[in-house]
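To start, the structure itself, in structure tokens.
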């Protein structure tokens with residue numbers, strides 16, 4: 001089944017909304033580019049959105065890491081956050097050069113970056129096994 005980018009993005013946001021309401025994660029949608037807001041008096045205000053190439057969604061998941069020695073966990077877990085930048089694409093969509101550059105930047109900061117083409121792709125990415 002072919003999906004356009006808007007369908008993928010809407011499905012992912014709906015899934016993430018349910019997970020957020022259950023306290024499993026926090027997410028936000030990023031809007032790259034300028035945002036124009038018209039007012040009743042005819043004036044249009046221009047607001048700066050996220051930079052070019054920014055991913056569509058940012059997901060933060062709580063977790064724990066454990067010290068492991070010779071295959072066994074030792075000591076209490078230490079709390080960590082898993083940060084995933086999610087780029088939604090249509091079935092055949094490709095990254096722009098700005099998106100490739102953004103991916104390199106966030107991966108250099110030890111964040112995850114994923115291109116998803118369905119909610120199933122997103123669910124797989126968010127597993128932390």
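The values are calculated or read from the model by the stated rules, or taken from the named source; none is laboratory data. On a predicted model such as this, the values are computed, not experimentally measured, just so you know. Neighbour counts are summed over all protein chains in view; Cβ atoms, including those assigned to glycine, are modelled from backbone coordinates with ideal geometry.
If a residue must be more than 13 Å from the chain's Cα centre (by Cα), within 24 Å of residue 11 (Cα to Cα) and at pLDDT 85 or above, how many such residues does region 30-52 contain?
Count: 3.
With the checklist (1) within 14 Å of the chain's Cα centre (by Cα); (2) closer than 26 Å to residue 6 by Cβ in hand, flag the one item residue 96 doesn't pass.
(1)
If we keep just the residues of region 104-128 that are surrounded by 14 or more Cβ atoms within 10 Å (Cβ to Cβ), in contact with a strand residue (DSSP E or B) (Cβ under 7 Å, 6 or more places away or on another chain) and touching a residue at least 40 places away in the same chain (Cβ under 8 Å), which is farthest from residue 5 (Cα to Cα)?
Among residues in region 104-128 that are surrounded by 14 or more Cβ atoms within 10 Å (Cβ to Cβ), in contact with a strand residue (DSSP E or B) (Cβ under 7 Å, 6 or more places away or on another chain) and touching a residue at least 40 places away in the same chain (Cβ under 8 Å), the one farthest from residue 5 (Cα to Cα) is 106.
Quick check on residue 2: is it under 19 Å from residue 120 (Cβ atoms), touching a residue at least 60 places away in the same chain (Cβ under 8 Å) and either surrounded by fewer than 16 Cβ atoms within 10 Å (Cβ to Cβ) or touching a strand residue (DSSP E or B) at 6+ places or on another chain (Cβ under 8 Å) (or both)?
Details: under 19 Å from residue 120 (Cβ atoms): yes; touching a residue at least 60 places away in the same chain (Cβ under 8 Å): yes; either surrounded by fewer than 16 Cβ atoms within 10 Å (Cβ to Cβ) or touching a strand residue (DSSP E or B) at 6+ places or on another chain (Cβ under 8 Å) (or both): yes.
Yes: the conditions hold for residue 2.
Mind checking whether some residue in region 108-120 is under 26 Å from residue 8 (Cα atoms) and in a helix (DSSP H, G or I)?
Residues of region 108-120 that are under 26 Å from residue 8 (Cα atoms), as a first pass: 110-120.
With the extra rule that they be in a helix (DSSP H, G or I), the set shrinks to 119-120.
Looking for residues that are under 26 Å from residue 8 (Cα atoms) and in a helix (DSSP H, G or I), one finds at least one in region 108-120, hence yes.
Is it the case that region 65-79 has a residue that's in contact (Cβ under 8 Å) with a residue 12 or more places away in the chain and under 20 Å from residue 119 (Cβ atoms)? Give the derivation first.
Our first condition is that a residue be in contact (Cβ under 8 Å) with a residue 12 or more places away in the chain; within region 65-79, this holds for 65-66, 77-79.
Of the ones still in play, those that are also under 20 Å from residue 119 (Cβ atoms) are none.
Within region 65-79, none of the residues are in contact (Cβ under 8 Å) with a residue 12 or more places away in the chain and under 20 Å from residue 119 (Cβ atoms).
Under the condition of being in a helix (DSSP H, G or I) and in contact with a strand residue (DSSP E or B) (Cβ under 9 Å, 6 or more places away or on another chain), which residue from region 72-103 is surrounded by the most Cβ atoms within 10 Å (Cβ to Cβ)?
Within region 72-103, the subset in a helix (DSSP H, G or I) is 97-103.
Filter once more, so that each one left must be in contact with a strand residue (DSSP E or B) (Cβ under 9 Å, 6 or more places away or on another chain): 98-99, 102-103.
On the way: 98: 13, 99: 20, 102: 22, 103: 19.
So, considering only residues that are in a helix (DSSP H, G or I) and in contact with a strand residue (DSSP E or B) (Cβ under 9 Å, 6 or more places away or on another chain), the one surrounded by the most Cβ atoms within 10 Å (Cβ to Cβ) is 102.
Please give the strands (runs of 3 or more DSSP E) falling wholly within region 9-71 in which 1 or more residues are surrounded by 14 or more Cβ atoms within 10 Å (Cβ to Cβ). Talk me through it step by step, then tell me what you get.
Values: elements: 26-29, 34-38, 44-48, 57-69.
Answer list for region 9-71: 26-29, 57-69.
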